[in-house]
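**Q** Here it is, the structure in full.
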Amino acid sequence: MRKTHKITVSGAGSCRTPALIGTLMKMKDRFPVSKVVFLDKDLKRFHKIEDYCKLLIKEFSPETEIIVTDDLDVGYSDCDFVFCQMRVGQNAMRSLDEKIPLKYGLVGQETCGPGGFAYGMRSIGGMKEMVDCVRKYSKDTWILNYTNPAAIVGLALDMLYPDDKRIINMCDQPYSMMVSFAKILGVDPKTLRARYFGLNHFGWFTDLYDTNGKNYFDQLRNFLKDHDFKPYNAEQRTKSWLDTYLRVNRMMKCVPEYIPTTYLQYYFYADEIVKESDPNFTRADETILTREKEVWDVCAKAVGRETLGDLEVLTSPVFGSMMVEVAESIAYDLKNEFIVITKNNGMIDNFPSEAMVEVAGVLGKDGVTGYPFGKIKTFYKGLMENQFAYEKLTCEAWIEKDYTKALEALALNRTVNDFDKAKAVLDDLMEANKDYWYLEKRDV
C-alpha cells in the first residue's frame, strides 16, 4: 500500500467539496489519506454538506481521521497537502463581480475583465494569509491552489514567494477540454496528451496525440470546423455554457491554426456577450439555482444517517479527478503529464521570463517541470503581452495599494479598453470590496 497523507481542504464549504471527497474516496488506493481537515472560515456553508462528506469517508475509508474547523492554525499546522479552493467573499461578492461591470456595458464574468480583477484582488489577500499560516508550521507542505483567477493569483504568489517551489497553481479548464476532445474522438481521455501555450484562461492547444503516438489534432480541428463544439457533459449544461463552447467554433473559423480555450470568447466577443447578459441574473445566480442546489439536495439526504446506504456518491470526472491526480503525481513522483502553470523562464522563448505561463508539463516530487514550447507567432504574442501587462499591473496594484496601477490594468484589459469606463467600474468595485482591499490615490 502507498504511503498515506494528511490533507486540508481549504474553502471546504464549496459545493465542489462533496464531489471532491467522493472522487478522493473512489481513488483512495491511488492516494490514501490518514487525515482530512475540512477548513472554512464560514462553517455555516460546510455544515450543509458535513454529514454527507463524513459518511463518504466513513464508508470508504473508516480509518481516516476527520477534523472540521474554522481555525487556520488547526487547519494548516499538520498537513502534507492543502487542496485550496477558497472563494473569498463567496457568491455574494461573485454576484457583484458579474453585475457591476454590466452597469457600464462591460463583460460581467468572474475571472475575466473587471469582475476577474476584483475577484483577483480579494483572492490574493486570502491566499497570502493561507500561505503565511502554512509556512509557519512547515516549508514542506504542498499547496495545491485551485483558487481563481489562477493567472492573477499564481503571478501574485510568485511575486510574494519567489523561492517557494511547493506552491502549485492549477486550473481544470484545459483538463476539461481534453475530456471533451476525447468524447468527440471516441477515445479514452487518460490516453490523450496535448501541447499547449498561453496564460491561464488565455491559451491555445497546438497538438493532440495518444500515448501510442497516434496524432488526433488535424482530425479534431477538422471536426470543429464543421460541427458544434459541445462539452463532454453537454446534457447537464445550461445554454449560457453551451454558447461558450460554440464560440470556439467561431474563433476557429477566423484563425483555424490552433484550438483556443473557451475563455478567449470574452476578449473577442465582449460587446455581443454584454448584449446577451441579464444585468439582474448572471452566472452567480444560475449556479445557486442549478449546481449548488443539486449538491445541497443530495447532501441534505445524509442528515441523521448512520450509513451512506443508497445515497448517490458524487464524483467529479474533471475538477475532483484532476486534484487527486495532481496530488498523486507529486506524492509518488509519477511525473504524469498535465497542462501546468509555471514561471516562463524560457518555456516560451520570446515572452517575458517573469510571466506565469500555461504549458504542457509534468508533476513530480520536485513540483512542476514545463515542456519548452519555443517561439510564438506575432498574433498570439501580442495578445499575451497585453494580457500579461494587465495581470502584472493588477498584482502590483494589490501589493502597492496603488490606484493608478489598478486603473492602468483595467484600461489595458481587452474587455474594457476605455479610461472613462475603467475609472467608473474601478471606483464602483473598490467601494463594493472595501472590506477586502483598498487602493490609494497618490500624486505622481
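The values are calculated or read from the model by the stated rules, or taken from the named source; none is laboratory data. Treat the numbers as computed from the prediction; the structure is a model and nothing was measured. Positions of Cβ are backbone-derived with ideal geometry, glycine not excepted, and every protein chain shown enters the neighbour counts.
**Q** In the stretch 269-281, is there at least one residue being among the aliphatic types (A, V, I, L, M), part of a strand (DSSP E or B) and modelled with pLDDT of 95 or more?
**A** no
**Q** Can you say whether I376 is in contact with a strand residue (DSSP E or B) (Cβ under 8 Å, 6 or more places away or on another chain), part of a strand (DSSP E or B) and at pLDDT 95 or above, as far as the supplied structure shows?
**A** no
**Q** Further, regarding this structure: Can you tell me which condition A302 does not meet? The list is (1) part of a helix (DSSP H, G or I); (2) surrounded by 15 or more Cβ atoms within 10 Å (Cβ to Cβ), and all the others hold.
**A** Unmet for A302, out of (1) part of a helix (DSSP H, G or I); (2) surrounded by 15 or more Cβ atoms within 10 Å (Cβ to Cβ): (1).
**Q** Related question: Six or more apart or on different chains, Cβ atoms under 6 Å: show the pairs whose first residue is in the stretch 282-302 and in contact (Cβ under 8 Å) with a residue 24 or more places away in the chain and whose second is loosely packed, with under 15 Cβ neighbours inside 10 Å and among the acidic types (D, E).
**A** V298/E312
**Q** Being over 24 Å from G115 (Cα atoms), among the hydrophobic types (A, V, I, L, M, F, W, C) and touching a Ser or Thr at 6+ places or on another chain (Cβ under 8 Å) narrows it down to one residue among F181, F229, F202, F223; which is it?
**A** Just one listed residue meets the conditions, F229.
**Q** From N233, N200, N215, N169, grab the single residue that is under 28 Å from S277 (Cβ atoms) and at pLDDT 95 or above.
**A** N200
**Q** Report every pair of residues separated by at least 6 positions or lying on different chains whose Cβ atoms are under 6 Å apart, first residue within the stretch 246-260 and under 16 Å from F181 (Cβ atoms), second among the aromatic types (F, W, Y) and part of a loop (DSSP other than H, G, I, E, B).
**A** Note: pairs meeting the criteria are V248/F229; N249/F229.
**Q** Let me ask something else. Among the residues in the stretch 215-237, are any assigned to a loop (DSSP other than H, G, I, E, B) and closer than 30 Å to S353 by Cα?
**A** no
**Q** In addition: Scan the stretch 30-84 for residues that are among the hydroxyl-bearing types (S, T, Y) and assigned to a loop (DSSP other than H, G, I, E, B) and jot them down.
**A** Result: S61, T64, S77.
**Q** Do any residues in the stretch 6-21 that are under 14 Å from E50 (Cβ atoms) have Cβ atoms under 7 Å from those of residues that are of a type in the set (D, E, K, R), where the two are at least six apart or on different chains, and which pairs are they?
**A** Pairs that qualify, where the first residue is under 14 Å from E50 (Cβ atoms) and the partner is of a type in the set (D, E, K, R), are A12/D40; G13/D40; G13/D42; G13/R45; S14/R87; C15/R291; C15/E292.
**Q** When the residues of the stretch 57-66 are narrowed to those that are within 15 Å of V37 (Cβ to Cβ) and not small (G, A, S), which ends up surrounded by the most Cβ atoms within 10 Å (Cβ to Cβ)?
**A** Restricting to residues being within 15 Å of V37 (Cβ to Cβ) and not small (G, A, S), the top hit is I57.
Rundown of residues vs (1) in a helix (DSSP H, G or I); (2) surrounded by fewer than 22 Cβ atoms within 10 Å (Cβ to Cβ); (3) of a type in the set (A, V, I, L, M); (4) without any contact (Cβ under 8 Å) to a residue 24 or more places away in the chain, yes/no style:
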residue	(1), (2), (3), (4)
G125	yes, yes, no, no
D132	yes, yes, no, yes
R135	yes, yes, no, no
I143	no, no, yes, no
I152	yes, no, yes, no
P162	no, yes, no, yes
F181	yes, no, no, no
I184	yes, yes, yes, no
K190	yes, yes, no, yes
